[in-house]
Amino acid sequence: MVAAADAVARLNVAIDWDPAARVFELRNDALTYIVRVHRNGALGGVYLGPPLAVGRSRAQLLGGEFGGFDNRLGAPVALEYPTSRSGDYRVPAIEVEHADGSTTLDLAYTGHRIVAGKPPITGLPSTYVEDAAEAETLEVDLRDAVSGLEVTVAYSVFRDVAAIARSARIRNGGTSAVRITTAMSASLDMPDADWDFVHLSGMWGRERQVVRRRLAPGRQAIASRRGASSHEHNPFVLLQRRTTTEDHGEAIGFSLVYSGNFLAEAEVDARDSIRVRLGINPEEFAWRLEPGEAFATPEAVLVYSAAGLGGVSDAYHTLYRERLARGPWRDKARPVVLNNWEGTYFAFDEPKLLAMASAAREVGVELFVLDDGWFGQRDDDTSSLGDWTVDKRKLPHGIDGLARAIEKLGLRFGLWIEPEMVSPRSRLFEQHPDWAIGVPGRKQTESRNQLVLDMSRPEIVDHLFGVLSEVLAGGPISYVKWDMNRYITEPFSRSLPAERQGEFFHRYILGVYDLYARLTSAFPDILFESCAGGGGRFDPGMLAFAPQTWTSDDTDAMERLSIQYGTSIVYPLSSIVAHVSAVPNHQVGRITSLDTRAAVAFFGVFGYELDPTTFSAEDRAAVAEQVVFYKRWRELFQRGRFVRLRSPFEGDGNETAWMVVSADARQAIVGWYQVLNRVVPRLNRLRLRGLDPALDYRLTLWPARSDGLEAANAGTRGGDELMAAGLILEAQRDDAAGRGDFIARLFVLEAT
Ligand code: DGJ
């Protein structure tokens, strides 16, 4: 795993235990994290921040009310896995109901282990290491003496990334069942509330918009209760100082490796201390634990950066691209795709698809994806989900025949599936009406005319594995787009007893993970892309199985600027799928140039989503040139360091700029975008970042055009000058092409 170009070359990872002070110190070169065992045995939080020199005084940190522990009644003491109902009135990390109905819990230290590497979390996706030297893990055991409940709080500190992964394992060491009603993945207390609370929120077609607000006394939270991480809120929050920018100042990220209902919350108490907790949403959760049984929480990944928000993104991008994504596609160049969805919707047949594939081949596309509509009798969205057999009316030679014909054309073939769903109009529903989620005797709410299969039931997961394995083994299929187009209503599983219905949502997502794990290991060479009505489940849990995600159903280039910008706060470009679609755009009706659409979609995993048989000769030539350009720079676009330069969420939102830089800083591509033009633009300099100040760069523009922008910027420039003075953008008004709206221009920098 390579650290970002301008990050510290090699981080030193270590976890120390001071038995006299009962203090753990976790560190790498980018951060120090200190926790302690208090006098009463509770696990206390001491510090997360910039690296502290080893062996020096910690008296300031361990002293004071916040660091000490005498009587926590109302005191702002810092705890790492807080319980409730014995004097701490802030939000807890864990709550349980004992057999007698009481809910008090006191967790005290009983022991710990420090191990090399990072153990996996059984049944759940998590970050990993390939070599034990890449991380060190601390596991602290806590126990409630009265009930025998045991909690192991785990911390893994990475050598090469400014990140700490946390999770907890709860075991019933007592003699009667307990009901867990809250089980957070991480909870962190800090001694001041002088932070902004930043999250990625939106809706279908407008995912992951950056929202920033001041922390205030009380609780502020984002959450999902929809059965998926959701379009509305991403399982991620960030704390940043008011003065923090992209490249300066403190920021702490909290990201949950989970695809179901989540909660991310910050509570500011009366003394201005702050508690952040992250995990499964307790509102839709309860888990019965019999004696001897254990429950594992999902993993939370905390990132600390003293070098701005960009530092947080660098850490997540590296970790999620290289040690969360897995399988042969993790490191491979992703193919340029043509997806037929916006080109045909449900109205296609084999000749039409082959004509599209052949036109796509001509312009250099590498893989053809057949989207929704190939199975059952699915001529619209009212039927057939669950019937994963080919519709011979449309595809008389089956998927195999089509895939082979497409391979003959020189393209690989990909297929869309939506495994978790069933249409009430389907053979599957006729045979197994009880497989759809719903409460017997109540109506089942349909959304997009479909119901959700009860993925908490192993026999349904087995069935899906069987039928989908047959589909995937039935032809040369190189790629799968796994969609999920509605949220869950009437949550209930017929296979769970009344006292276990609180487990439904979590068991659902465990079933999804199980199916993903089985299919990805049975078909290791298939590239999986996750999707949920666009980006409704764009989360780290999914990335552990599918290294890329369809970012949004809104394919308009201007709308995509904010969607992709927000997504990039956490997720690497290798996960952000972006396609050029037709104009007028199908979602917003906007007409943007082909160049502009490509210039936005290049920054991610690139492709097309239109009917290429309708291209004019001019379009065909332009698209062929785009594909050549993307392939030339694909490695940089998919794996380069992404640097945000100008935010569509700041000012009037009229401009966006970002860049990708190679690990050795010898190559970079800057994207600059302007929504509306102005009659006399302001002077406008775009200062670059992440270049090598000592290098000279040859600067060319894409698309090539002799215009004012090119005249002002093309040629050889020093990295120092490009970072200190910047690109000269006001020059774009000097030509006719630069005078319209929705302008995009790329600047390609190559060290000479
Ligand atoms: C929603 C996805 O986001 C689209 O790309 C497309 O696959 C449709 N579903 C098909 O129903």
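Size descriptor for region 366-523, Kirkwood hydrodynamic radius: 16.4 Å (Cα pairs only, one decimal). Counting only the Cα atoms, region 446-581 fills a convex hull of 135 Å³ per residue. Projecting the alpha carbon convex hull of region 590-701 along each direction and taking the average yields 8.9 nm². Contact order for the chain, expressed relative to its length and based on alpha carbon pairs under 8 Å spaced 6+ residues apart, stands at 10 percent.
For an R0 of 41 angstrom, estimate the FRET efficiency from the Cβ-Cβ distance between residue 624 and residue 133 and round to the nearest 0.05. E(calc), rounded to 0.05, equals 0.35.
Rg and Dmax of the chain, based on Cα coordinates, read 26.5, 80 Å.
Solvent exposure of the chain, expressed per residue, is 35 Å² of accessible area, with all protein chains present and a 1.4 angstrom probe.
Would you work out the relative contact order for region 185-252, in percent, from Cα pairs under 8 angstrom that are 6 or more residues apart? Rounded, it is 34 percent for region 185-252. Lys/Arg Cβ at +1, Asp/Glu Cβ at -1, dipole of region 174-310 taken about the Cα centre: which of 223, 308, 264 is farthest positive-ward? Of the options given, the answer is 223.
Only the Cβ atoms of Lys and Arg (+1) and of Asp and Glu (-1) were treated as charged; on that basis the dipole of region 435-569 about its Cα centre amounts to roughly 320 debye. Take the Cα of residue 347, step 7 Å toward its Cβ, do the same at residue 86, and the gap between the two points is 6.8 nm.
Candidate cross-link partners of residue 352 among the aspartates and glutamates, defined by an alpha-carbon separation under 13 Å and a same-chain spacing of 8 or more, comprise 611. Overall, the accessible surface of the chain at a probe of 1.4 angstrom is composed of carbon and sulfur to the extent of 50 percent.
For region 163-202, the calculated P(r), taken from all Cα-Cα distances in 5 Å bins from zero up to the bin holding the longest distance, is 5, 12, 15, 17, 19, 13, 8, 7, 4, 0 percent.
Once R0 is set to 56 Å, what does the formula 1/(1 + (r/R0)^6) return for the Cβ-Cβ distance between residue 216 and residue 716, expressed as a FRET efficiency to the nearest 0.05? After rounding, the FRET efficiency stands at 0.65.
Taking only the C-alpha atoms of region 214-280, the Rg (one decimal) and the largest Cα-Cα distance, Dmax (whole number), read 13.0, 37 Å.
With 30 Å as the limit on Cα-Cα distance, the pairs of 392/443; 408/631; 332/394 that go past it are 392/443; 332/394. For the chain, a crude dipole built from +1 on the beta carbon of Lys and Arg and -1 on the beta carbon of Asp and Glu, taken about the Cα centre, is about 520 debye to the nearest 20. Ordering 111-118, 686-693, 642-649, 451-458 by mean Cβ neighbour count within 10 Å, with the highest value first, yields 451-458, 642-649, 686-693, 111-118. Where both bridge residues fall in the chain, DSSP classifies roughly 85% of the beta bridges as antiparallel.
Length gained on full extension, residue 14 to residue 332, computed as 0.36 nm times the residue gap minus the Cα-Cα distance: 111.3 nm. Taking the Cα centre of region 562-657 as origin and assigning +1 to Lys and Arg Cβ atoms and -1 to Asp and Glu Cβ atoms, the resulting dipole is close to 400 debye. Taking label points 7 Å from Cα along the Cα-to-Cβ direction, residue 56 and residue 680 give a separation of 5.4 nm. Ranked by the mean number of other Cβ atoms within 10 Å per residue, highest first, peptides 234-241, 188-195, 213-220 order as 234-241, 188-195, 213-220.
Mean residue ellipticity, 222 nm, helices only, the chain: the sum of -39500 (n - 2.57) across DSSP H runs of n ≥ 4, divided by residue count and rounded to 500, is -5500 deg cm²/dmol. Averaging the Cα positions of each part gives two centres, and for region 73-127 and region 470-532 these lie 30 Å apart.
Taken over the Cα atoms of region 668-721, the convex hull encloses 103 Å³ per residue.
Each 5 Å bin from zero holds the following percent of Cα-Cα pairs in region 196-343: 2, 8, 14, 17, 19, 16, 11, 7, 4, 2, 1, 0. Applying 0.36 nm per residue to the separation of residue 650 and residue 591 and subtracting their alpha-carbon distance, the gain on full extension is 18.8 nm. In this simple spin-label approximation, residue 97 and residue 704 carry label points 7 Å from Cα along the Cα→Cβ vector, and these lie 7.1 nm apart. Diffusion of region 16-173 by Stokes-Einstein, at 10 °C in a medium of 1.306 mPa s and with Rh set to the Kirkwood radius over alpha-carbon pairs, works out to 96 µm²/s. By the rule of a C-alpha distance below 18 Å, with chain neighbours fewer than 8 residues away ignored, the aspartates and glutamates paired with residue 118 are 16, 25, 130, 131, 134, 136, 139, 141, 160, 299, 322.
The values are calculated or read from the model by the stated rules, or taken from the named source; none is laboratory data. Keep in mind it's a predicted model, so treat the numbers as computed, not measured. Backbone-built Cβ (ideal geometry, glycine too); neighbour counts: all protein chains shown. Each accessible area value is taken on the protein alone, full model and side chains, heavy atoms only, with ligands, DNA and RNA left out. Shrake-Rupley method; radii C 1.70, N 1.55, O 1.52, S 1.80 Å.
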